[in-house]
Amino acid sequence: MARADLLVDLVKAGSRGDRAAFARLVESMAAEERAKNHGMLADRLIQGLNLNGSRHNALRLTAHDDKAAELLHEVSPQRTLDALVLPVAVRTTCDELVEEQHRVDLLRSWNLEPRHRVLLAGPPGNGKTTLAEALAEALMVPLFVVRYEAVIGSFLGETSQRLRRIFDFVGSRRCVLFFDEFDTLGKERGDTHETGEIKRVVSTLLMQIDALPSHVVTVVASNHPELLDRAVWRRFQLRLELPSPTQGMLETWFRLFQARLEQPLGWSARSLAMRLKGASLSEVEQFAEDVLRRYVLSLPDGDMQLIIKTRLDAWKRRFAIEQSDSGPTAD
């Protein structure tokens, strides 16, 4: 049974003719019923909503619609916030977001909604996708990743239609909706190279994000935030930067890595962090996985200290090659 406060707010919205609020409240009720495994009731609520005026033409996706799989990739979250190495300010903000979502009843008793729109910016390989997954894990909801190869069509009208399908689908579900490389869709509308139709797609996208209920946590990530439309920044209540890891962050990462292994590495965290200076967190993870592979294959006589040394030598050679490739070329 839906919560009493939702029912009261629903009646109020209907009485004053506030269709937008009415739709959000119905979607919230459907999300709660779906979380209780009352999928049929949730679908009937949404179907009833679609009969009302402006929504009757909406192209809805049900949980069993094959088109949902074409547009979204569902991930069962495994990573946790505690397993990530984040700047202190970013971790504090994420904890606040999780608390607000978990204590939504208290907030609503004061006519407040939890924050639910997050923009992550920073260079590639430093945890934006992983953080979205960890937020979903902390919220105990699925993570839906937008599949651009399915969403972006040959005709821009198709793209807008598919975006509407995505937002209709997630609107009645408690979830994290993740847009990676958001600059692909949210480009600056003042770009003189873009057509008017692309600008309309961006406008539609931003309005759809605005209309999502607060139980849908929308996370977007960009490696090039300077390309984003200025209106994008205003849409997101939380704007977090994930920079390249500092020396201290790398040291923390290796201490956590050693704790998970429950055995000494033969190298100090400080020494490893110094030797991998300049690496992204993704590259550090690849390095650690490489070490583990060689160690497992060398059991029972594996020498962790020696294996790490050989992997560090390989990393040094790789880094030197990458530096030479990115340098100026001779005429």
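Throughout, read-outs are computed from the coordinates displayed, never taken from laboratory work. In this text the structure is predicted, and so the values were computed from the model without any measurement. Don't worry about glycine lacking a Cβ; one is built from the backbone with ideal geometry, like all the others, and counts go over all protein chains shown.
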For segment 211-217, Karplus couplings with θ = phi - 60° (6.51, -1.76, 1.60), whole Hz, Gly/Pro x: 7, 5, x, 6, 7, 9, 8
Sites ASP18 and ASP105, calculated FRET efficiency, Cβ-Cβ separation with R0 30 Å, nearest 0.05: 0.90
Segment 212-276: GluC sites (Glu not before Pro) in DSSP loop, at most 15 other beta carbons within 10 Å: GLU262
Farthest toward positive dipole pole in segment 203-302 [+1 Lys/Arg, -1 Asp/Glu at C-beta], among TYR295, SER282, SER244: SER244
Gain in span if fully extended, ASP313 to GLU113, counting 0.36 nm per residue against the direct Cα distance: 66.8 nm
